[in-house]
Amino acid sequence: MNPELLRDQVPAVIGALVRRGADFYSAEDAVQDALLQALGAWSDDPPRDPVAWLVTVAWRKFLDRGRADRSRRARETAVDVEPLAGPVPSADDTLALYFLCAHPSLPSASATALTLRAVGGLTTRQIAAAYLVPEATMAQRISRAKRRIAGLPLDRPGDLATVLRVLYLVFNEGYGGDVDLAAEAIRLGRQLHALTDEPEVAGLLALMLLHHARRAARIGPAGRLVPLDRQDRTRWDEASIAEGVTILQAALARDRLGEYQAQAAIAALHADARTADETDWVQIVEWYDELLRLTGSPLAALNRAVAVGEADGPQAGLAALAEVDAALPRHTAAAAYLHERARDTALAADLYAQAARAATSAAERDHLTREAARLRQQARR
Amino acid sequence: MKYLLLKHYRGTPAPAVNCAPMDQWTPQEVDAHIQYMHDFAARLEGTGEFVDGQALAPDGAFVRYDGEGRPPVVDGPFPETKELIAGWMVIDVASWERAVELAGELSAAPGPGGKPIHEWLEVRPFLAAPPTVTD
């Protein structure tokens, strides 16, 4: 059986256990145990009804774990004598799980880990590998997060903004271990999109699809970053772009704009240009204006300054950049780019080298070093 | 046996070859260098000798305890003279000789003109767990 199909069932199975009287903490553990057993046993001999199998095995594991707990045993006995309700996968259960796992009281590293396990159905080992931490550390992080939200009701609408933020963080984490977190974030985004008709959910899903579409073109040999204007656009995934654009258009038609829709609109305008020269920078600046109005985010202001540089010329871009907090990571890199566009090659090269020293990832550092080297080579010719 | 190969921004013995900063190389030289480092790590993964590799930003500070109820003392940014670690690779190899051999290879990464940069790397054995059988 395809592990993704198996993982799709995890929220419903947790929900089924909770409805039978299990607390979330134990139910989630029991389902993780059942999932590990399923991954081992099913490759040879998949059951006819995977959900029923998971519910049965998880429930048995839950009971086994609870044997020592007297007060809980009383409750279990009461539940056990009642006819067991069939595992009806419930959309509300799954949505409630999203809200619980991304609860605003949780630090974002805990919320992302718990979401990947309880909603995504990933194993602790996979999540640990994806975030490059020891498995025991990740197990503790998840367990502490669960204790923190213990006792919160599962049936109340939560904060959708934190759920979207969690998925956005997972998407940006990208690629590590044997799990493709970007693809996982898209899978969860699709699931969430099917559960709620909030336009921002659609906006985030569209944003992720449109960026994911560029993946093959974005990374060169030895992990080299290829900037947007130099990407081979024939390598962009057209199906992913088409899907993203369709979802975005439907969301925009609802006329309830939000930050993810605005970002997706910018990505869609890039996707629309067959070459970098055909990019509609004027419209992109307008979308950055919207984004800035919605979020006030300094990063949006920084990206807007670069877009202004494309739409109205580098001097206008530099003027816009002067209004942006210079302490922002990438501020120097943006300045370098705009000075390069203004043909101030020597200054741009120095700024790229300076930006490389302030880079927050090895890939960006290497890219910026290479940009400095490229301009210095140009200057020598 | 595990060994730490430490790469320094500064604070090594006098360089064997005076090498311009990387942003003054040609883009092709930069690419060749990065590709070499990439291939080296991939090869050690293939031989089962790679454990971990990380790069560090040049910024940071010294921090120490300053007494009950007081915030820690932060001394930074680093002075220009401070020895500065740029990153590390942890390898798990059969012997000190193998660790030295690999450090030598890593130090031969190409620089300007495609010539090895002869960079100093610090090689340090990990302190291992105590042996179970002691008599």
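What follows draws every value from the coordinates through simple rules; no lab data is involved. Computed from a prediction, not measured in an experiment: that's the story for all the values here. Methodologically, a virtual Cβ is constructed for each residue, glycine included, from the backbone with ideal geometry; neighbour enumeration extends over all protein chains shown.
List residues of the stretch A:352-381, by number, whose backbone nitrogen lies under 16 Å from a label position 7 Å along Cα→C-beta of B:Lys82. What the label zone holds, given the 16 Å backbone N cut-off, is A:358. Taking the empirical scaling 2.2 N^0.38 Å for compact globular proteins as reference, the protein assembly as shown has a Cα radius of gyration ratio of 1.13.
Taking other residues whose beta carbon is less than 15 angstrom from the beta carbon of B:Phe126, and scoring Lys, Arg as +1 and Asp, Glu as -1, yields -1. Residues of the stretch B:82-117 with an amide N closer than 19 Å to a point placed 7 Å from the Cα of B:Gln28 along the Cα-to-Cβ direction: B:109-117.
Taking all Cα pairs closer than 8 Å and separated by 6 or more residues, the relative contact order of chain A comes to 10 percent. The mean count of C-beta atoms from other chains within 10 Å of the C-beta of residues in B:57-68, rounded to a whole number, is 1. Taking one equal scatterer on every alpha-carbon of the stretch A:240-356, how large is log10 of I(q)/I(0) by Debye at q = 0.12, 0.16, 0.21 1/Å? Cα-only, vacuum Debye calculation for the stretch A:240-356: -0.47, -0.79, -1.15. Ignoring the sites themselves, chain B has its longest run without GluC sites (Glu not before Pro) in a DSSP loop having at most 12 other Cβ atoms within 10 Å at B:1-67.
Stretched out straight at 0.36 nm per residue, the stretch from B:Ala20 to B:Asp66 would grow longer than its current Cα-Cα span by 12.5 nm.
Spin-label pair B:His118-A:Asn2: with each label point 7 Å from Cα along the Cα-Cβ axis, the two points sit 5.9 nm from one another. Placing pseudo-labels 7 Å out from each Cα toward the beta carbon at A:Ala183 and A:Ala319 gives an inter-label distance of 4.8 nm. Please work out, to two decimal places, the log10 of the ratio I(q)/I(0) at q = 0.12, 0.17, 0.26 Å⁻¹ from a Debye calculation in which every Cα of the stretch A:185-244 carries one identical scatterer. Per q value, in the given order, log10 I(q)/I(0) is -0.34, -0.61, -0.99. The mean sequence distance of close C-alpha pairs (under 8 Å, at least 6 residues apart), as a share of the length of chain B, puts its relative contact order at 45 percent. Counting only other chain Cβ atoms within 10 Å of each residue's Cβ, the peptide B:19-32 averages 6. Shape analysis of the stretch B:1-55 yields a ratio of the Cα radius of gyration to the Kirkwood radius, Rg/Rh, of 1.02. In chain A, the longest principal axis of the Cα atoms and the axis of helix A:50-66 are about 70 degrees apart.
Taken along its three principal axes, the alpha carbon spread of the stretch B:22-135 comes to 55, 54, 21 Å, from the longest extent down to the shortest. Extension gain, A:Ala109-A:Leu294: 0.36 nm per intervening residue step, less the Cα-Cα distance, totals 64.1 nm. A straight chain from A:Arg357 to A:Thr234 at 0.36 nm per residue would run longer than the Cα-Cα distance by 41.0 nm. Separation of the stretch A:277-299 and the stretch A:343-377, taken as the distance between their Cα centroids, equals 25 angstrom.
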